[in-house]
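So the structure is just underneath, and the comments pick up after that.
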Amino acid sequence: MRRGLAILVLSLWPALSAAQDALTPEVSAEETARDRSYLTSLIEDNLSSDTVTVRLEGFEGALSSRATFDTLTIADADGVWITIRKGAMAWERGALLSGRIQIGELSADEIDLPRLPNAGSEAASPEVSPFSLPELPVSVEVGRIQAKQIKLGAPVIGQAVTASLSGSIALSNGEGMMRLKALRADQVKGQISIDAGFANATRQLTLDLLFDEAAGGVASQLLGLPGAPAITLAIAGDAPLEDYKADIVLSTDGQRRLGGSVALQLAGPDTPGSSRFSANLEGNLAPLFPAEYRPFFGETVSVLAEGKRAATGRMELSALDLTTNAFDLTGQAVLNPGGLPERADLNLRIALPDGGDVPLPFAGEGTTLRRATLRFDYDAAEDEAWNLDGQVIGLQGPVVSAVAARLSGSGRIRQSQTMPSLGGTVSVMLGGVQSRDAALAEALGPFLSGHGRFSWAKGTPLRLSGFSLTGQGYGLGLDARVMDPTEGLRIEGLLKPRIDDLSRLSALAGRPLAGAISGALEGQFTVLTGAFDTGFDLVAQDLAIGQVQVDPLLTGETLLTGRMRRDQDGISVQDLELSAEGLHFAGSGHLNSEQSWMTAQARLPDLARMGIGFGGQVDGDLTFEGAGLEGQLSLDLAGSNLSAQQPELHQLLGGRAIASLDLQIAKDRVAITAARLETTQLDVQASAADGEGSRKLALSGRLVNMAVLAPSFPGPATIDGTLADVEAGYQLALDGSGPGGTQARVSGLLRPDLSGGDLSISGQSQSALLNAFIAPRSINGPLSFDLRLDGPFAVSSLSGQVGLSQAVVVAPNLGLSMKDLGVDVQLASGQAQVNADGAMEAGGRVALGGRVALASPYSGDLQITFDRARFRDPELYDSRVSGAVDISGPLMGGARISGALTLSETELQVPSSGLGGASAIPEITHIAEPASVHETRRKAGLLAQAETRGTGADFPLDVTISSERAIFVRGRGLDAELGGALSVTGSTNNVIPLGEFNLIRGRLDILGKRFVLDEGRIALQGALMPWISFAATTKQSDYATTVAIEGPASEPEITFTSVPELPEEEVLARLLFDRGLTNLSPLQAAQLAAAVATLAGKGGGGIINKLRETTGLDDLDVSTDESGAATVRAGKYISDNLYTDVAIDSQGKTEINLNLDLTPNLTARGSVTAEGETGIGIFFEKDY
């Protein structure tokens, strides 16, 4: 409105001046100055906008016939883009009263255009503007035009140009004349001159156009001519229109490239309205194109066209011949007054004489073909049929290529005075489709085909029926009507897309896709205005978009339906609905520059589908009200039956949660006006601190019971503060408190984009609050911190101090426990200086010191010191370690681990266990497993872990391990003493141990027999598990018997061998009793089993199984009690329902049991011991 007012004033200005000339013969200087000030202000203020600033300086002559100004500038957000200095305009004010604007002078000393104006970033209007042609209210005449200096910046036309402009335009009494001349005044010489005129009386047309520019000029650079040559273009003609001819010459670097003439002959008075025309041009255009396109043009390009137009509008092209070295278009055609052909014979051929590939200069760089032909013929004098046939062989594009392509069509053209019509069928086929882009090749497939029918009759729309485009596994169907172009070229129709397998688009989309999609879009679209009204109904099956949280929601059938419309009222969305097994969304809305609204509802019936560790249902409502895209947005969420796999989060939710968010959206900012999250345990709120429209938020939060996160710290925790929107960003101030003396304060400035800030963070708390996130490990002790964050939200931006004192750390999965742990961390300059010291619960101390960079790859220089630190696994080892280990380099991978450790008081225990016992617990499938049970199994390591592939970060190793005293290995009758040293080298992904601990002395006791060890050693394997190897050899009778224990210390294997070779069970019998296995008494067999129990450790197979089979027993079981005493039990079925067993312990005490199965569920049992104790009972058993 304001800009329209300014334009109205400027338009009426000359008229007002003329009227004032007539009514007021003289104007005072004071009135002139006042009017000048008012008009200057009006022009500046009303031609300016939010993105455009107009400034006018030295404006004079507002009420005279000649106005001048010193400077006129127009600026956008990037600054001034045009400056006009010493401008003047003179006009004949009285001419305006007769409907003419007669400008006598339009001049400026300097026009400076360094760049084009900024296009701006304003969103397009949602409303449609009706299609119309511009209308000019008055005629304009300009007498003298002059610009002494015009400066154009390089961004305007590709290079900086300084030029001058002069000329004049005259139009009066049926005669017109225009003379314009522009001269370059910089280092590149050039000129453009136009001298044109026409007189109605003589019908004489004069045209003299000259464009002449030296090498390196604007034209050659814009056209991309090789070498940027000098260019000259001349067009000249001076003759009456009844026999007009103009000569044309184009030259570069003084060489003629194209020349010829065009002619127009208007008919005489006897045949008014008819005319003849011709064009004859010839030359060598190849030098104007890059060298690779010169075979296409060759040395000669010729254009020949002749024809005539009758007064009725009938057009006849009697000759057409456009020829280059590889291109030939020839033919004839006749069009009736309605534009339909009466006769046509057109032929196109593209091929090189030598049969090579033809480079196509106007089809994109790198596009070639081997051969192409196209023919169209029709002759109404013979019949109504028309035919189209074409083919392309060897098409090669920069992205897509095809071995062959075929285009064909046929139909009828009906000549009628009342209702002419045409119609037909067209088809296209591309075979051998390939692409250099593998992703695009997969999407397109090896072929494309299309076909369809069209029809048109005068006064009716153009109809497209059954059109389809088909590829391998996809297709697109179309039925449409194309309305009269005078209505904006409106298209109405139905579009049917289909993709059978979306995975073919995965590489193109850059993410894994899956599923199938099909559907229909029906409606209308107006090309010239952008208006549309479209309904859509799409169906997807097993859709996946490569988002692990979203894909489970879309399994099965997904439906998308709705309708969208854009017209003069804006954009509207009606009945939009997305429905899937795990997601439902529905919404409607309207977008308008003056008034917009939107409502939407969404539901996630089962959060567990998303695999984010939560379960339950969430419902949401979204509303928006405003103008355009600015307004108030509100989001409300409600969760029911909520659960979380992590017990602490599960307790925080308490089964339900509600959340809300209100946003005020403006053009340059989005502000939170209110927000809230509420569960049974938690309540967090944000609201405008000073009422609606405030730029400050009041923040508050309350956790009902901190014990849900840290069980040892019951009580509420609160947080309060403000967040203010200031010019430099957001000012934050938060204070928090909680049980256990927890106090925290955060204050400072956040960046406008929330990517970082300048914050101080201080307080104290209990480290036990971390236990929920580090389980099954735990830590207890007071924690203090005094930090500053200056920069982005990254650890490297922190400085200050973090301290921990008198802490207790337990890592049950590592078998470690520490007490009296003190930690001091100093952060500065992107590094952390760490000092920590603590006592091992089992004895000794461990200290850590050094520095670590706070940015990837987190290079560090650390040292871990051990002072008689006791490491103990009751079933495997017990040792005290002293020494130091250095870690130097990037901790993300590549840091070198080196040092020397000394072992003292070290004992390696070979674990023992019974041979019989219960079998392993079978795999259990948990149905509707509670979150607390799942978390307990996770912490216990009972959850199956996905197999990991590859290796993690690699660290070079160089650690020496030596023993201050002997290392003892005991267990399973083994008692050995070893000494020595070893080195751990290689890397963590490929450990290479060097050296070993060797036997000093040792023995092996089996059933009271002692064997002296001949060999013994301890080494490390790749997983740093001790590997033991011991052997004792003895001679009995004619046999040399060897007992060997070898394997991981946690599960070694025992073997018995002899020379000459005997079965393993026979070797053991002879070793212990000096007799064969078949000659053993029952007591000796029991003793033999007890010896095996001492050595084997676990498992019921191997020797025991062989003993059972050899003796013919149904059951043979050996077990040990808590004191290590062995018991052997041998059992045998005497009949089908009578079973007896005998048990003998290591003290020789025996027990006999007898079981009689009376029925499948009823059993009688009796027992008697060597001491005379007896027992009898009846037992009922039932399997379930």
* Residues of the stretch 226-242 classified as touching a Pro at 6+ places or on another chain (Cβ under 7 Å) and modelled with pLDDT of 90 or more, total -> 0
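Quick grid of which residues meet (1) among the small types (G, A, S); (2) touching a residue at least 40 places away in the same chain (Cβ under 8 Å); (3) assigned to a strand (DSSP E or B); (4) surrounded by fewer than 15 Cβ atoms within 10 Å (Cβ to Cβ):
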{"position": "F211", "(1), (2), (3), (4)": "no, no, yes, no"}
{"position": "A263", "(1), (2), (3), (4)": "yes, no, yes, no"}
{"position": "R276", "(1), (2), (3), (4)": "no, no, yes, no"}
{"position": "V303", "(1), (2), (3), (4)": "no, yes, yes, no"}
* Asked: Within the stretch 243-261, restricting attention to residues that are of a type outside the set (K, R), in a strand (DSSP E or B) and more than 21 Å from P229 (Cα to Cα), which residue is modelled with the lowest pLDDT?
  -> Y244
* Given (1) assigned to a loop (DSSP other than H, G, I, E, B); (2) closer than 30 Å to G613 by Cα, index of the condition L528 fails -> (2)
* To do: Output the number of the condition that E122 fails; it satisfies all remaining conditions of (1) among the acidic types (D, E); (2) at pLDDT 75 or above; (3) loosely packed, with under 14 Cβ neighbours inside 10 Å.
  => (2)
* To do: Say whether the condition of being closer than 20 Å to V428 by Cα, part of a loop (DSSP other than H, G, I, E, B) and not β-branched (V, I, T) is met by at least one residue in the stretch 375-386.
  => no
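How many residues are part of a strand (DSSP E or B), closer than 30 Å to R777 by Cα and touching a Gly at 6+ places or on another chain (Cβ under 9 Å) when one looks only at the stretch 689-736?
As a first pass, look at the stretch 689-736 and keep what is part of a strand (DSSP E or B): 696-703, 717-726, 729-736.
If we keep only those that are closer than 30 Å to R777 by Cα as well, we get 701-703, 717-719, 735-736.
Pick out the ones that are also touching a Gly at 6+ places or on another chain (Cβ under 9 Å) and you get 701, 703, 717-719, 735-736.
Number of matching residues: 7.
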* Structure fact -> Scanning the stretch 330-363 residue by residue, those farther than 30 Å from P420 by Cα, among the aliphatic types (A, V, I, L, M) and in contact with a strand residue (DSSP E or B) (Cβ under 8 Å, 6 or more places away or on another chain) turn out to be I350, A351, L352, V358, L360
* Asked: If you take the residues in the stretch 626-666 that are outside any helix (DSSP H, G or I) and modelled with pLDDT under 80, which one is surrounded by the most Cβ atoms within 10 Å (Cβ to Cβ)?
  -> Q646
* With the condition kept exactly as written, say whether any residue in the stretch 367-388 is out of contact with any Ser or Thr (no Cβ under 6 Å at 6 or more places or on another chain) and closer than 26 Å to G477 by Cβ. => yes
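Each row is one residue, and each column tells you yes or no for (1) on the phi < 0 side of the Ramachandran plot; (2) in contact (Cβ under 8 Å) with a residue 24 or more places away in the chain; (3) in contact with a helix residue (DSSP H, G or I) (Cβ under 9 Å, 6 or more places away or on another chain).
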position: L682; (1), (2), (3): yes, yes, yes
position: S700; (1), (2), (3): yes, no, no
position: A710; (1), (2), (3): yes, yes, yes
position: T718; (1), (2), (3): yes, no, no
position: V726; (1), (2), (3): yes, yes, no
* To do: Using the structure shown, decide if A869 is of a type outside the set (V, I, T) and assigned to a strand (DSSP E or B).
  => yes
* Structure fact -> All conditions in (1) closer than 21 Å to L583 by Cα; (2) out of contact with any Leu (no Cβ under 7 Å at 6 or more places or on another chain); (3) part of a strand (DSSP E or B) are true of W597 except (1)
* **Cβ pairs under 9 Å, 6+ apart, first in the stretch 448-460 and free of Cβ contacts under 8 Å to residues at least 60 places away in the same chain and β-branched (V, I, T), second surrounded by fewer than 16 Cβ atoms within 10 Å (Cβ to Cβ) and part of a loop (DSSP other than H, G, I, E, B)** => T460/M419
* Quickly run through the stretch 356-385 and pick out the residues that are over 22 Å from S408 (Cα atoms), surrounded by fewer than 16 Cβ atoms within 10 Å (Cβ to Cβ) and either touching a His at 6+ places or on another chain (Cβ under 6 Å) or not acidic (D, E) (or both). => G356, F362, G364, G366, A381
* Structure fact -> With criteria (1) at positive phi; (2) free of Cβ contacts under 8 Å to residues at least 24 places away in the same chain; (3) not in a loop (DSSP other than H, G, I, E, B), A228 comes up short on (3)
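Select from the stretch 795-806 the residues that are aliphatic (A, V, I, L, M) and modelled with pLDDT under 90 and write down the one among them that is nearest to L891 (Cα to Cα). I'd like the intermediate steps shown before the answer.
Going through the stretch 795-806, the residues aliphatic (A, V, I, L, M) turn out to be 795, 798, 802, 804.
Next, from what is left, pick out any that are modelled with pLDDT under 90: 795, 798.
Details: V795: 15, L798: 19 Å.
Ranking the candidates gives V795 first.
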* Is one or more of the residues making up the stretch 167-187 modelled with pLDDT of 85 or more, not hydrophobic (A, V, I, L, M, F, W, C) and not in a strand (DSSP E or B)? -> yes
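The values are calculated or read from the model by the stated rules, or taken from the named source; none is laboratory data. Everything numeric here is computed off the predicted structure, so don't read it as measured data. Heads up, the Cβs are rebuilt from the backbone with ideal geometry, glycines too, and the neighbour counts pull from every protein chain shown.
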